Amino acid sequence: MAILDDLQLSRREVMATGAAVGVTTAPGVAAAAPAEPAPSLMKVSFTVNGQRQTLELDTRTTLLDALREHLKLTGSKKGCDHGQCGACTVIVDGRRINSCLSLAVMHEGDEVTTIEGLGTPEKLHPLQAAFVKHDGYQCGYCTPGQICSAKAVLDEIKAGVPSHVTGDLNARVQFSEDELRERMSGNICRCGAYSNIVSAVAEVAGGKA
């Protein structure tokens, strides 16, 4: 009996303490969740495929989401969303990047090129035409990123930018299968069309891979 009296007393003390600090919770009613903070918005202006664009975005918006969701340029694909597959590859100021890892607000004043900016169905870019000719795709999901990456790779080689497999840093960089595979190793093709992709890019490069 003494133990029961002690438990009842403890319960009354707890309730009294709660009342003293203004705690009132109705039975079976969960406490309201704290309000979500308003998003932080910022304007960003950049040139996309030759056209000046100005957007007001949540500062957490990636470049990929800005392109796809706000500008409706859905050629660039969201694959892994972790920068590991290359499906979202676009060209920014002449360099290829994984747009899923880059915030849109970081690209104020930049020149962005997506697959839509390389060619049109009526006038394909040579790489697009070569991918069709050599069947350098199967499902086609990774193809926009592959082509954007390949375009930048050929520009890198032309500019003499070495890679991890470049043998002689004092000699002119030459196109080769090893160079291409190393430079495009971040672009994954789940369908395994790699040999056809190499053939397509090699044809445009004017070399044999």
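No lab work stands behind these numbers, since they all come straight from the coordinates. Remember, it's a predicted structure, so these values are computed and weren't measured experimentally. Cβ atoms come from the backbone with ideal geometry, glycine included; neighbour counts cover every protein chain shown.
Miscellaneous remarks
- Listed values for region 104-121 are Karplus-derived 3J(HN,Hα) couplings in whole Hz (6.51 cos²θ - 1.76 cosθ + 1.60, θ = phi - 60°), namely 4, 5, 7, 10, 4, x, 7, 9, 10, 10, 10, 4, 5, x, 7, x, 10, x, and x replaces Gly and Pro.
- Taking amide H atoms as placed 1.01 Å from N in the peptide plane, the amide H of Q53 lies under 5 Å from those of F46, T47, V48, each 5 or more residues away in sequence or on another chain.
- Electrostatic tally near D155: other residues with Cβ closer than 12 Å to its Cβ, Lys and Arg +1, Asp and Glu -1, net +3.
- Which listed pairs, of K72/K151; K77/K158; K72/K133; K123/K151; K43/K158, have C-alpha distances above 24 Å, in listed order: K77/K158; K72/K133; K43/K158
- Phi-based couplings in Hz for region 197-204 (Karplus 6.51, -1.76, 1.60; Gly and Pro marked x): 5, 4, 5, 5, 5, 4, 4, 5
- Student exercise, region 105-184 dipole from Lys, Arg, Asp, Glu Cβ charges, in Debye to nearest 20: 240 debye
- Backbone amide hydrogens, once placed in the peptide plane, bring Q84 within less than 5 Å of nothing, excluding anything fewer than 5 places away on its chain.
- Take every Cα pair under 8 Å whose residues are at least 6 apart in sequence, average their separation, divide by the length of region 147-209, and the relative contact order is 33 percent.
- For H125, distant residues with modelled amide H under 5 Å away: G119, T120
- Couplings 3J(HN,Hα) of region 157-171, computed from phi: 5, 4, 7, x, 6, x, 10, 4, 9, 5, x, 10, 6, 8, 9 Hz, in residue order, whole Hz [Karplus 6.51 cos²θ - 1.76 cosθ + 1.60, θ = phi - 60°; x for Gly and Pro].
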